[in-house]
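The values are calculated or read from the model by the stated rules, or taken from the named source; none is laboratory data. Only a predicted model underlies this, so the values are computations on that prediction, with no experimental measurement involved. Don't worry about glycine lacking a Cβ; one is built from the backbone with ideal geometry, like all the others, and counts go over all protein chains shown. All accessible areas refer to the heavy atoms of the entire protein, side chains included, with ligands and DNA or RNA removed. Shrake-Rupley method; radii C 1.70, N 1.55, O 1.52, S 1.80 Å.
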Amino acid sequence: MVATGQRITDLRVAVGMSVRDLQDVFGFATPQAIYKWQHGTAMPTLDNLVVLAAVFGVAMDDIIVTDGEWLYSLSA
């Protein structure tokens with residue numbers, strides 16, 4: 001989960017979004033959920049994963065990290 005959280009952080013930064021920007025996209029009252037995703041203490045729900053993929057312009061599989069490796073490379 002920690003590697004997936006780092007991936008979410010990396011993708012957020014790559015598209016030039018702040019945590020507050022993501023908070024607004026999801027309509028969350030606080031940024032706590034996003035921080036939990038980024039720190040790997042919680043995972044986004046499937047619905048939220050779909051939104052993250054759309055916002056970041058990647059496939060959902062590009063967000064989830066298993067065994068320390070991305071399922072798909074950004075260069076693929």
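Could you pull out which residues in region 40-58 have an amide N less than 20 Å from a spot 7 Å beyond the Cα of residue 21, following the Cα-Cβ vector?
Under 20 Å, as judged by backbone N against the label point of residue 21, lie 44, 48-58 of region 40-58.
What does the highest-first list of 19-32, 46-59 look like by mean Cβ count within 10 Å?
So the peptides 19-32, 46-59, ranked by packing, come out 46-59, 19-32.
What is the set of long-range amide H partners of residue 65 at a cut-off below 5 Å, with H atoms built 1.01 Å from backbone N?
Amide H to amide H, under 5 Å and 5 or more residues apart or across chains, residue 65 pairs with 4.
Measure off, as a whole percent, the carbon and sulfur share of the 1.4 Å-probe accessible area of region 2-63, all protein chains present. Walk me through the numbers on the way to the answer.
Working: 1850 of 3210 Å².
Carbon plus sulfur share of accessible area: 58 percent.
So, counting K/R as plus one and D/E as minus one, what does the shell of residues with Cβ under 13 Å around residue 30 add up to?
+1
If I take R0 = 35 Å and measure r between the Cβ atoms of residue 55 and residue 2 in this structure, what FRET efficiency does the formula 1/(1 + (r/R0)^6) give, to the nearest 0.05?
After rounding, the FRET efficiency stands at 0.95.
What's the FRET efficiency of residue 43 with residue 10 using the Cβ-Cβ distance as r and R₀ = 22 Å, to the nearest 0.05?
Calculated value: 0.85.
Where does each of 1, 17, 60 land when they are ordered by accessible area, with a 1.4 Å probe and the largest first?
Largest accessible area first, the list is 1, 60, 17.
When the Debye formula is applied to the Cα atoms of the chain, each taken as the same point scatterer, what base-10 log of I(q)/I(0) results at q = 0.11, 0.16 Å⁻¹?
Once normalised to I(0) and log-transformed, intensities are -0.23, -0.50.
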